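One structure is given below, encoded as structure tokens.
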Amino acid sequence: MRSHPEIRVHTCCNHISEKPVASSFEHTQYKTDEFEDWIGAVHVFGPSTELALLCKNGYIRINLNIFGDFSMVRSFAFQKYKKNHSIDNVKIVLKKQNYYYTYGIFIHSKIEIRYGSYRLEAAYQYSHYDSFEGAQRVPTLNDFHLVDEREEYQFTLSRLVEFPGSRFLPTHHIWIETEVRHIDRTGFIADDRVSHAGGNTWLFLRFKMPL
């Protein structure tokens, strides 16, 4: 899919690699001028891999997680669908709450590089959701198929600032972080080929002090 860059590390570095399996839960909710969204996803099962290259002045850490998902997803195309279609016989939960139950895949990759007081992170997430049909307690006449996709790109640059403590208290560490995050969303209702796409970009400035 993409070429892998070569990483060269001095022989003084230590190498740590882990390949366990994992599961987790994630809830995402936000509202912008471009779109409103929420997703509740159970990452049921999948590999979680970390590769760490440790050096005297820093490290390089690479993470990759791939999960099979069971989720509740707000349909991104349903608002557009309702403008020109009757919704009398659609899924009840979709009609009343604008979400539906799905199965899908979740991919999250991240690389983190630290050297001295600086840290750089780059992350990418991709989710693909397909609706369940024929699983409602009350059968629906218009039980169409829905698909939603979400992509997120994130870049963070951090600077460590140290404030000396007293002889009885440890030194305080504060990270100043600047982050750019971009999210793309697409939705698709298959029976009438109704689709919708949108994106948004955020810029964050944070101060973090580990306890």
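The values are calculated or read from the model by the stated rules, or taken from the named source; none is laboratory data. Everything numeric in this text was worked out from a predicted model, so none of it was measured. When we count neighbours, we look across all protein chains shown, and the Cβ atoms used for this are built from the backbone with ideal geometry, even at glycine.
All of GLU162, GLU152 fail the test of being loosely packed, with under 13 Cβ neighbours inside 10 Å, assigned to a strand (DSSP E or B) and modelled with pLDDT of 80 or more, apart from GLU162.
Based on this model, can you work out whether HIS145 counts as surrounded by 15 or more Cβ atoms within 10 Å (Cβ to Cβ) and either modelled with pLDDT of 80 or more or out of contact with any Pro (no Cβ under 9 Å at 6 or more places or on another chain) (or both)? The answer is no for HIS145. Does ILE113 satisfy the criteria of being aliphatic (A, V, I, L, M), in contact (Cβ under 8 Å) with a residue 24 or more places away in the chain, in contact with a His (Cβ under 9 Å, 6 or more places away or on another chain) and part of a strand (DSSP E or B)? So ILE113 fails the test. Checked against (1) more than 29 Å from TYR118 (Cβ to Cβ); (2) at pLDDT 85 or above; (3) assigned to a strand (DSSP E or B), SER48 passes all but a single condition, namely (1).
When SER86, SER131 are checked against the criterion of being small (Gly, Ala, Ser) and modelled with pLDDT under 90, a single residue qualifies: SER86. Figure legend. Inter-residue proximity from region 79-100: first residues closer than 14 Å to ASP191 by Cβ and assigned to a loop (DSSP other than H, G, I, E, B), second residues of a type outside the set (D, E, K, R) and modelled with pLDDT of 85 or more, beta-carbon distance below 7 Å, spacing 6+ or different chains. Indicated pairs: LYS91/TYR100. Evaluate region 55-76: report whether one residue or more is assigned to a strand (DSSP E or B), at pLDDT below 90 and surrounded by fewer than 16 Cβ atoms within 10 Å (Cβ to Cβ). Yes, some residue in region 55-76 is assigned to a strand (DSSP E or B), at pLDDT below 90 and surrounded by fewer than 16 Cβ atoms within 10 Å (Cβ to Cβ). Return the residue satisfying two criteria in turn: it lies in region 185-196 and is closer than 21 Å to GLN29 by Cβ and in contact with a Lys or Arg (Cβ under 7 Å, 6 or more places away or on another chain), and of such residues it is surrounded by the fewest Cβ atoms within 10 Å (Cβ to Cβ). Step by step, filter region 185-196, then rank; the result is HIS196. Working only within region 84-98, note down all residues that are touching a strand residue (DSSP E or B) at 6+ places or on another chain (Cβ under 9 Å) and either surrounded by fewer than 19 Cβ atoms within 10 Å (Cβ to Cβ) or acidic (Asp, Glu) (or both). Those that are touching a strand residue (DSSP E or B) at 6+ places or on another chain (Cβ under 9 Å) and either surrounded by fewer than 19 Cβ atoms within 10 Å (Cβ to Cβ) or acidic (Asp, Glu) (or both): ASN84, HIS85, VAL93, GLN97, ASN98.
Taking the condition touching a Ser or Thr at 6+ places or on another chain (Cβ under 8 Å) and either of a type in the set (S, T, N, Q) or more than 22 Å from THR186 (Cα to Cα) (or both), does LEU64 pass? So LEU64 passes the test.
Among the numbered conditions (1) within 13 Å of ASP148 (Cβ to Cβ); (2) among the acidic types (Asp, Glu); (3) at pLDDT 90 or above, the only one that ASP37 does not meet is (3).
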